[in-house]
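The values are calculated or read from the model by the stated rules, or taken from the named source; none is laboratory data. Keep in mind it's a predicted model, so treat the numbers as computed, not measured. Cβ sites come from the backbone with ideal geometry, for glycine too, and all protein chains shown count toward neighbours. All accessible areas refer to the heavy atoms of the entire protein, side chains included, with ligands and DNA or RNA removed. Shrake-Rupley method; radii C 1.70, N 1.55, O 1.52, S 1.80 Å.
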Amino acid sequence: MKNVEVSIVIPVYNEEQSLPALFGELWPVVEGLGRVTEVILVNDGSRDATLGMLYDFQQQHKEVRVIDLGANFGQHMALLAGFEYTRGSKIITLDADLQNPPAEIPRLLAEMDKGHDVVGTYRVGRQDPWFRKFASKWVNRITNKIAKLSIRDYGCMLRGYDRRIIDIINVSKESSTFIPALAQKFAVNPIEIPVAHREREFGVSKYGIFQLIRLNFDLMTNFSLVPLQAVTMAGMFFALLSGLLLAFMFVRRVVLGIGTWQRFIEHSFEAFGFMLTAITLISVGVLGEYVGRIYKEVSKRPRYSVRRVYETEDDE
Ligand code: UDP
Ligand code: MG
């Protein structure tokens with residue numbers, strides 16, 4: 001395939017139940033685009049029938065390539081792997097579960113035609129459990145504040161990126177990342193549009209509570225040093241406070257010779273001791289996060305490994 005304009009990248013993990021609907025809904029959209037389009041399906045170490053189904057689909061359409069990863073590396077790594085294979089000048093990411101309808105793709109492309117290099121999206125009428133919507137609201141707010149970004153909905157993965165943005169992402173070799181935030185950092189002329197959202201019809205969400213915590217921790221610590229700095233600041237504040245208290249005690253006992261407040265102060269100190277212990281624990285955790293990152297960075301472990309690429313050879 002020559003002169004690809006649009007590359008649609010879809011990470012797929014154990015989606016055997018969603019795939020027939022995805023193929024059925026995606027293909028008419030691809031054909032209706034009227035643009036040279038390739039579809040890159042990244043199998044993220046699925047353990048069900050996913051790979052075979054992707055392969056069959058690839059055999060039917062020369063525009064489709066299947067990148068089969070050697071293990072489950074997570075949605076964002078799977079997308080990064082897919083990006084390395086894209087040839088289009090416009091790149092669209094989409095989830096395999098049809099929570100965002102492929103029918104929205106032409107609207108994203110229309111925005112890109114106007115010159116927007118990143119087309120972000122936010123879900124209107126989001127159909128997810130209430131605790132996920134509630135958590136997202138706060139994650140969106142806090143992340144925007146500390147990472148100095150303004151993204152309405154970090155979790156919506158139906159997005160459009162210009163080739164230039166993807167090229168930069170491809171050379172950013174960080175070992176964990178959050179793609180919408182990374183892209184926004186490099187965007188010159190981004191825009192956000194509302195997109196429809198529906199309930200996951202087939203299969204279940206691939207994110208359990210621990211994966212969600214992990215993912216959001218990645219998001220916050222990858223794009224900001226504020227969590228680390230906040231803890232350090234709090235530590236300094238409490239150190240200063242206990243210093244003042246010590247000085248106060250000293251003045252009372254030695255200079256003024258009053259002893260009645262001593263028990264009160266002793267008790268206060270116990271309280272501060274507890275507080276400092278808590279802060280120390282938090283600091284160790286946050287520091288550990290960054291140290292762990294440095295460890296991952298220096299160990300130069302590949303971010304993902306491709307087993308095989310299924311594609312139809314060019315005739316030319
Ligand atoms: N996914 C993936 N690897 C993972 C988890 C998810 O490639 O480890 C894919 C999944 O197949 C889907 C997309 O990422 O295409 C979003 O996952 P999901 O719908 O489970 O997330 P949710 O909508 O619940 O946030
Ligand atoms: Mg989903």
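General remarks:
- Size descriptor for segment 53-180, Kirkwood hydrodynamic radius: 16.3 Å (Cα pairs only, one decimal).
- Over the chain, accessible surface divided per residue gives 52 Å², non-protein components excluded, 1.4 Å probe.
- Subtracting the Cα-Cα distance of Arg163 and Arg132 from their residue separation scaled by 0.36 nm leaves 8.0 nm.
- Loop trypsin sites (Lys or Arg not before Pro), segment 279-316 (other Cβ atoms within 10 Å of the site Cβ: 10 or fewer; DSSP): Lys300
- Computed accessible area, Lys206, all protein chains, 1.4 angstrom probe, square angstrom: 50
- Each semi-axis of the equivalent ellipsoid for segment 19-107 is √(5λ) with λ an eigenvalue of the Cα gyration tensor; in descending order they amount to 20, 15, 13 Å.
- The chain, relative contact order [Cα under 8 Å, separation at least 6], %: 23
- Debye intensity ratio in log₁₀ form over the Cα atoms of the chain, taken at each q of 0.14 Å⁻¹: -1.09
- The lysines whose alpha-carbon is closer than 24 Å to the alpha-carbon of Lys2, local same-chain residues fewer than 8 away aside, are Lys62, Lys90, Lys114.
- Here the Karplus relation 6.51 cos²θ - 1.76 cosθ + 1.60, evaluated at θ = phi - 60°, turns the backbone of segment 205-217 into coupling constants of 4, 8, 10, x, 4, 6, 5, 5, 4, 4, 4, 6, 5 Hz, with x for every Gly and Pro.
- Residues of segment 220-247 with amide N under 16 Å of a point placed 7 Å along Cα→Cβ from Ile213: 220-221
- Counting only protein heavy atoms and using a 1.4 Å probe, the accessible area of Lys90 comes to about 30 Å².
- Dipole-positive endmost among Thr280, His116, Gly243 within the chain (Cβ charges, Cα centre): Gly243
- Couplings 3J(HN,Hα) of segment 19-34, computed from phi: 4, x, 5, 4, 4, x, 8, 6, 5, x, 5, 4, 5, x, 5, x Hz, in residue order, whole Hz [Karplus 6.51 cos²θ - 1.76 cosθ + 1.60, θ = phi - 60°; x for Gly and Pro].
- Under 16 Å from Lys148, Cα to Cα: lysines that are on another chain or at least 8 residues apart: Lys185
- Each Lys and Arg adds +1 at its Cβ and each Asp and Glu adds -1 at its Cβ; summed about the Cα centre, segment 167-210 shows a dipole of about 100 debye.
- In segment 163-264, the GluC sites (Glu not before Pro) that fall in loop regions by DSSP, at most 16 other Cβ within 10 Å: Glu174, Glu199, Glu201
- Under 5 Å, built H, 5+ apart or other chain: amide partners of Glu192: Gly120
- Cα gyration tensor shape for segment 86-156, rounded if a/c is under 1.5, else prolate or oblate: oblate
- Span from the segment 161-218 Cα centroid across to the segment 95-120 one, whole angstrom: 14
- What the Cα atoms of segment 216-316 give is an Rg and a Dmax of 25.6, 97 Å.
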